[in-house]
1. Restricting to region B:1-28, what's the tally of residues that are acidic (D, E) and open to solvent by 50 Å² or more (accessible area, probe 1.4 Å)?
2. For region A:181-194, state whether one or more residues are in a strand (DSSP E or B) and either within 14 Å of another protein chain (Cβ to nearest Cβ) or hydrophobic (A, V, I, L, M, F, W, C) (or both).
3. Among the residues of region A:162-177, how many are within 14 Å of another protein chain (Cβ to nearest Cβ) and either among the hydrophobic types (A, V, I, L, M, F, W, C) or at positive phi (or both)?
4. Name the residues in region A:29-57 that are under 14 Å from A:L8 (Cβ atoms) and either touching a helix residue (DSSP H, G or I) at 6+ places or on another chain (Cβ under 6 Å) or surrounded by 13 or more Cβ atoms within 10 Å (Cβ to Cβ) (or both), would you?
5. Give the residues of region B:216-226 that are at the interface with another protein chain (Cβ under 10 Å from one of its Cβ atoms) and surrounded by 18 or more Cβ atoms within 10 Å (Cβ to Cβ), sorted by residue number.
6. Are there any pairs with C-beta distances below 6 angstrom linking a residue in region A:145-161 that is more than 9 Å from every other protein chain (Cβ to nearest Cβ) and among the polar types (S, T, N, Q) to a residue that is assigned to a helix (DSSP H, G or I) and open to solvent by less than 10 Å² (accessible area, probe 1.4 Å), with the two at least 6 apart or on different chains, and if so which?
7. Of all residues in region B:71-117, count the ones that are in contact (Cβ under 8 Å) with a residue 12 or more places away in the chain and either more than 14 Å from chain A (Cβ to nearest Cβ) or crowded, with 17+ Cβ neighbours inside 10 Å (or both).
8. Could you please find all residues in region B:195-207 being open to solvent by 10 Å² or more (accessible area, probe 1.4 Å) and in a loop (DSSP other than H, G, I, E, B)?
2 protein chains.
Amino acid sequence: MELTRLSLNSASVPTATLPDLVRLAEANSLHWVAPWRDIVQAFGIGASARLLRSSGLQISGLCRGGMFTSESGVVRESAIADNLRAIDEAQELGTELLAIVCGPVVGKDVLGSLSMVRDGLERIIDHADSAGVRLGIEPLHPMLAADRSVVTSLAAANALRLAIDHPAIGIIVDTYNVWFDAQFEQEVATIGDGLVGFQLADWVLPLGDPTKSRGMLGDGHIDLGGMVRTMDAAHYTGPIEVEILSAYWAAQPVELVANTIVTRFSSLDI
Amino acid sequence: MELTRLSLNSASVPTATLPDLVRLAEANSLHWVAPWRDIVQAFGIGASARLLRSSGLQISGLCRGGMFTSESGVVRESAIADNLRAIDEAQELGTELLAIVCGPVVGKDVLGSLSMVRDGLERIIDHADSAGVRLGIEPLHPMLAADRSVVTSLAAANALRLAIDHPAIGIIVDTYNVWFDAQFEQEVATIGDGLVGFQLADWVLPLGDPTKSRGMLGDGHIDLGGMVRTMDAAHYTGPIEVEILSAYWAAQPVELVANTIVTRFSSLDI
C-alpha cells in the first residue's frame, strides 16, 4: 500500500501535541495528518494553521463536529454554534473535511434522534458550503448508539445524506465501525462519490472501553485489505486515516506507534 | 403488560438450577420458562423433562445451538453433531424452539462465515423439522461479531432465513441486539410470521464485558414498550423472554431478580 495515502490521525497518538503530530508525520515521510480539535485549540488555531502550511502537510480532515442530539433545545442550539466554529476552524486550517459524529440516541427515540441530526446538519450545511468544507457523516459502531451516535450503519448514514441532498455532505467509512456489515460492498458502491473519508483500525478481543479498544492494523479480525479494495472499486482515491483509539497504544511512545502504523499500512494485503 | 406472556430465561438468574428456575417461575405465577442447556444437562435431560412437565410450565425455547463457523472442518462437524443433540434435547423437553447463535466471523471473512452458517443450518434443518423444533436465528449485537455471531442484524438474519427457505426456520428478536436499528419496524414487518421468539433486556452504560452488561427492563436506553408494540403489530403473539445477562444482576439473590423482572415487565409502557 502506497504511503502517500496514509494520514496520521491524532487520536492514534493522543499524547502528541500538534507540533508532535507534524514531526511524526515528517519523520515518517507522510503526506497527510488528521488532527482532532483538542490539539489544534491547545496550540492555537492561527499557530496551527501556520505550522501546518509551512510543513507542506495536507490535512485529510478535522475531527470532529456533530453531537446534535439532546432533549434540551438549549443544548441543541449550543451544538449548532459549536459546529459553526468547527467549520471555521476547518477552513482556517485548510482542510476540506469536517468529520461528524452525530450524537447519541436521546429520549429512547431512535427515529426522533435521527431527526435531530438531520435538523442540525441542515442548519450548518450552507455555512460549510461557503467555507469550502464538506461534512462527513461517520456512522459509528452500534455499541456507541447510547453515548455517541444514533447513526450506526452506512445505510442509515447514506439515507441521511440523500435526505439532505446537498453536495457539501458525504460519508466517512471507518473500518472499525462497519466491518461486520454483510452489505458493506453494496453500501459502499451505492454511496459512490458520496464517499469523502476513509479510516482504518482493527478489531481486537477482548473488548474493553468501547472508545479505547481499537487494535493496530493487522492485529485483529478485520479484513482491512479487502475493505481498502472495496473503497478503491468505488473510486475513493483520497487519503486513508489511521485512527486507533486505544488505551494500550496511547501508553506507548508516539514514535513507536507511528512507526508501527507505517509498517503495518505498507504491508496491507491489497 | 400481561404476565401470561413473560418467560424467565435462565441466563437472568445464572446461579439457579433447573429446579430453582421452576420454583422462581411458580412463585411468581409465570406460565413460561426458557432454560439454557447448561442447567438442563446438569440436572439431567430426563429429570428436567419430567420436572417441567409436572410443573405445568411451558418452555418458550432452549438456549442454544449454533456456533457453526470455524476454519477447521473437524470443528464444524463437531458443531453439527452438537446441534443435532440440542434438537433432541429440545424435543425431549417439549419446546418448539431452539435458539441459534450462529458463530463468529472466522478467517476475517464475513461472507464466507455467513456461508458456513447457512451450510450448518441446512445440515440440521430436516432433523429439527422431524423433531417438531424450529430453529430461531438470533442476530446478535455487532460488538459480538468477532466472538459470537456473524449474523448481526435482522436484515442479515432474514436474508439467511429466506435463502434456506424452510418452514422450520425463523427469527428471534432480542431488543438488546437490535434496538438501535433505524429500520426495526420495517424489518419486523417484513419478517412477519417468520418471527418465532422475542427477548427483552435493556442497554445500560457504561458498557462492561459485552456478554455480561445487560440492564434490567427500564433502567436503560431502549424503548422496550415501543419494540413490544412493533412485535404486536407484526402479529407476534408468543411468549416474551426476559434474558438479562449481567454481572451485576447475577450477583443479586435470584428471588430479587425474578421479582424485579416481574414488576418491570408488568409496568412496561405498551
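1. Matching residues across region B:1-28 total 2.
2. No, because not a single residue in region A:181-194 is in a strand (DSSP E or B) and either within 14 Å of another protein chain (Cβ to nearest Cβ) or hydrophobic (A, V, I, L, M, F, W, C) (or both).
3. So the answer is 2.
4. Those that are under 14 Å from A:L8 (Cβ atoms) and either touching a helix residue (DSSP H, G or I) at 6+ places or on another chain (Cβ under 6 Å) or surrounded by 13 or more Cβ atoms within 10 Å (Cβ to Cβ) (or both): A:L30, A:H31, A:W32, A:V33, A:A34, A:P35, A:W36, A:I39, A:L52, A:S55, A:L57.
5. Correct list: B:G220, B:H221, B:I222, B:D223, B:L224, B:G226.
6. Pairs that qualify, where the first residue is more than 9 Å from every other protein chain (Cβ to nearest Cβ) and among the polar types (S, T, N, Q) and the partner is assigned to a helix (DSSP H, G or I) and open to solvent by less than 10 Å² (accessible area, probe 1.4 Å), are A:N158/A:I191.
7. 32
8. Selection gives B:V204, B:L205, B:P206, B:L207.
The values are calculated or read from the model by the stated rules, or taken from the named source; none is laboratory data. Computed from a predicted model, the values in this text were never measured in an experiment. Here the Cβ is made from the backbone with ideal geometry for all residues, glycine too, and neighbour counts use every protein chain on show. Surface areas here come from the heavy atoms of the whole protein model, side chains and all, with no ligands, DNA or RNA. Shrake-Rupley method; radii C 1.70, N 1.55, O 1.52, S 1.80 Å.
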